[in-house]
Amino acid sequence: MRILFDQGVPLPLRNSLNHHDVATAHELGWSTLTNGELLDAAERDGYEALVTTDSNLRHQHNLSIRSLAVIVLLSTSWPRIQRVVTAVIDAIDSAGAGSCTEVEIP
């Protein structure tokens, strides 16, 4: 699966997704795009999932019409995310086009 990390997603998470093709908005020069522009660019480039820490994204855009899945991490803290990395991987692996899944990070 082709996955795009939005700004704020800890880069070490990439190492846990070695069976996926992961890029970051920063690497692609997309760090200044608005959420809508980022979703459009990700779809245009064939990304199947966007991992973000922006919990407002689902309220700002109709994600059900999108060709990619959105996975929202409810924290930017890598040590906290690392403790539930299996839940993050499960959310990504089970995500489908137009879905939005929030992953609780205690």
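The values are calculated or read from the model by the stated rules, or taken from the named source; none is laboratory data. Since we're looking at a predicted model, the values are computed, not measured. We place every Cβ from the backbone using ideal geometry, glycine too, and count neighbours over all the protein chains shown.
Things to note:
- Counting the residues of the range 50-92 that are over 19 Å from Thr34 (Cβ atoms) and modelled with pLDDT under 95 gives 1.
- Options Arg66, Arg58: the member that is in contact with a strand residue (DSSP E or B) (Cβ under 6 Å, 6 or more places away or on another chain) and not aliphatic (A, V, I, L, M): Arg58
Each row is one residue, and each column tells you yes or no for (1) of a type outside the set (Asp, Glu); (2) touching a residue at least 12 places away in the same chain (Cβ under 8 Å).
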residue: Leu11; (1), (2): yes, yes
residue: Arg14; (1), (2): yes, no
residue: Leu17; (1), (2): yes, yes
residue: Ser31; (1), (2): yes, yes
residue: Gly36; (1), (2): yes, yes
residue: Glu43; (1), (2): no, yes
residue: Gly46; (1), (2): yes, yes
residue: Ala49; (1), (2): yes, yes
residue: Ile65; (1), (2): yes, yes
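- Count - residues of the range 23-62 that are among the charged types (D, E, K, R) and closer than 21 Å to Val88 by Cβ: 4
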